[in-house]
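J.: The structure is given below, and queries will be raised subsequently.
The values are calculated or read from the model by the stated rules, or taken from the named source; none is laboratory data. The shown structure was predicted, so the numbers you read here are calculated from the model rather than taken from an experiment. Don't worry about glycine lacking a Cβ; one is built from the backbone with ideal geometry, like all the others, and counts go over all protein chains shown. Remember, those area values only see protein heavy atoms, side chains included, never the ligands or the DNA or RNA. Shrake-Rupley method; radii C 1.70, N 1.55, O 1.52, S 1.80 Å.
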Amino acid sequence: MPTATFTDLCRINVRGGDGGAGCMSFRREAFVPKGGPDGGDGGNGGSVVLEADPQLSSLIDFRYKHHFRAERGTHGKGARRHGRAGDDLVLHVPLGTVVRELDASTMQPAFDICDLTHAGDRVVVAPGGMGGRGNIHFVSSVRRAPAFAEKGEPAIEHWIELEMKLMADAALVGMPSVGKSSIIARISAARPKIADYPFTTLVPNLGVARTRTGESFVVADVPGLIEGASEGRGLGHEFLRHIERTALILHVVDLTGGFENRDPLADYRTINEELAAYASELADRPQIVVGNKCDMPGSDVASMFVRESAEADGRPYFEVSAVTGEGLDELVVACAARVAELRREIASDAPTVDFNATVERERLRRDQRISITREERGVWRVSGGAVERMVVQTDWENEEAVSFLQRRFDRIGLDDLLAKHGCVQGDEVRILGFAFSYDGDEGADDVMEEPEAFVVEEEGSDEVEEGL
Ligand SMILES: Nc1nc2c(ncn2[C@@H]2O[C@H](COP(=O)(O)OP(=O)(O)OP(=O)(O)O)[C@@H](O)[C@H]2O)c(=O)[nH]1
Ligand SMILES: [Mg+2]
């Protein structure tokens, strides 16, 4: 990631669509007195997805709208008809957008979700809720006619932070006082300090240069380099680092040789040697050579020599004056064309990245954690994304659904875990706004059902153990 950056920062609230409810229904046919369960599943809710789009250059779309929600899934129906899945909501963000998850309580960045650097990179920032299962799923050896279904899973909602780090397409490189800052000031809206002493520029400046026909590229003006820069002389490495990730180098040579009466051709060679010494790839980085200060008398002879050398190296050469503006339009047009070409190459080289697998794993890990804390004497609080959702997905009006939930708790080892923490019969267990009375860890159910994979975590320790 180049360190020469503009930043654009915003926070948005994203929420997937809720899952549709599963259906509780029994088959009804002529001459069939009591058909089996046939309630279909609810559809999954849509997800909120971010996609990197090379057409965008800012996060302005998120300046005034902060809440984004994907479509919900529809409910399941009888005759095994499943609900329809909700559509994803795809939000387009510029290349170079870093996505961070914010901690819900502190609103501070919790972890980096990803860095969307290539066109088409995608990441799910708010997965939709799963559809609830219809009653056909709850048939077991002892429960032939389950008269309940699962509600849809409520979607996850949270705040994320988007930060756009604008990457420079081209960097102005050269000896001190050759006119790099003067050039960026003429070709963009950047207003760096310009003065006739070396190292006037101490930090990189960025500007957006535009041709008359509207093509644009981001150009960085970095502090001057001198002989030995690659070994840390002058301000050395610091600046070379900025150049490392820019696709195009605009190598500026002072045709007058500056106050020290340097030889412009020797300057051209010195800078190239420093670039190569710093990192060999920099020697092969596409370069456009710019002979500046062509308004000064005597510059034409130097210009001829530099042009010859540049062209021999296979690099286009432009003669300009940052003072009169001569040659700058042509330079900008050539740079824009080269940058567009390089962008296409970069886009086709780089595979698009799917960050979802890693993000999903991290989410799942957090989601399946169960933590138990003692709120007061005899009162325990159980929290964790997945366990809380089990509670929310239960239809409390339906006794069968409630006893199904109790068995699920048993299966994920919640009863054991509570006992381990010191919870005893008669204590109150709270999950979200619901309270249960703890009736011990006796494994009330003898029906074998699919065990659910779960991770339980003990409060106050990093120890994580596999539950049932
Ligand atoms: N005559 C003439 N003078 C120029 C031209 N471009 C820049 N200068 C002068 O050259 C001096 C240095 O210009 P800057 O733009 O600050 O040079 P720089 O390369 O950014 O210098 P550092 O930031 O110190 O590396 C200033 O006095 C400018 O006015 C030009 O095209 N013609
Ligand atoms: Mg400067």
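J.: List pairs: first in the stretch 259-272 and open to solvent by 40 Å² or more (accessible area, probe 1.4 Å), second outside any helix (DSSP H, G or I), Cβ under 7 Å, 6+ apart or cross-chain?
T.: The qualifying pairs are D263/G257.
J.: Note down all Cβ pairs under 7 Å where the first residue falls in the stretch 425-449 and is closer than 27 Å to S140 by Cα and outside the structural domain of W380 (by TED's automatic domain parsing), the second is modelled with pLDDT of 85 or more and surrounded by 13 or more Cβ atoms within 10 Å (Cβ to Cβ), and they're at least six residues apart or on different chains.
T.: none
J.: Any residue in the stretch 322-337 that's open to solvent by 80 Å² or more (accessible area, probe 1.4 Å): show its pairings with residues that are within 16 Å of ligand 2 (Cβ to nearest atom) at Cβ separation under 8 Å, as long as the two are six or more apart or on different chains.
T.: Final answer for the pair search is V323/S182; V323/K293; E326/V320.
J.: For a quick check of your reading of the model, give me the residue pairs whose first member lies in the stretch 194-221 and is among the aliphatic types (A, V, I, L, M), whose second is within 10 Å of ligand 2 (Cβ to nearest atom) and part of a loop (DSSP other than H, G, I, E, B), with beta-carbon atoms closer than 8 Å and at least 6 apart or on different chains.
T.: Cβ pairs passing all conditions: I194/T200; L202/P223; V203/P223; A220/P204.
J.: Give the stretch 60-107 a look and list any residue that's assigned to a loop (DSSP other than H, G, I, E, B), of a type in the set (V, I, T), open to solvent by less than 70 Å² (accessible area, probe 1.4 Å) and farther than 23 Å from G20 by Cα, or say none.
T.: none
J.: Quick one: A185 ticks every box in (1) in a helix (DSSP H, G or I); (2) more than 11 Å from ligand 1 (Cβ to nearest atom); (3) more than 17 Å from Q287 (Cα to Cα) bar one, so which box is it?
T.: (2)
J.: Here's something else I'd like to know. I'd like to check something: does the stretch 188-201 contain any residue that is more than 12 Å from ligand 2 (Cβ to nearest atom), within 22 Å of G325 (Cβ to Cβ), open to solvent by less than 20 Å² (accessible area, probe 1.4 Å) and not assigned by TED's automatic domain parsing to the domain that holds L95?
T.: yes
J.: Which of the residues spanning the stretch 193-227 are more than 14 Å from P176 (Cα to Cα) and within 13 Å of ligand 1 (Cβ to nearest atom)? Show your work before the answer.
T.: The initial filter retains those residues of the stretch 193-227 that are more than 14 Å from P176 (Cα to Cα), namely 205-220.
N205, G207, V219, A220 - these are the residues of the stretch 193-227 that are more than 14 Å from P176 (Cα to Cα) and within 13 Å of ligand 1 (Cβ to nearest atom).
J.: Let me ask something else about it. Among (1) surrounded by fewer than 16 Cβ atoms within 10 Å (Cβ to Cβ); (2) farther than 29 Å from V98 by Cβ, where does P176 come up short?
T.: Just one mismatch for P176, condition (1).
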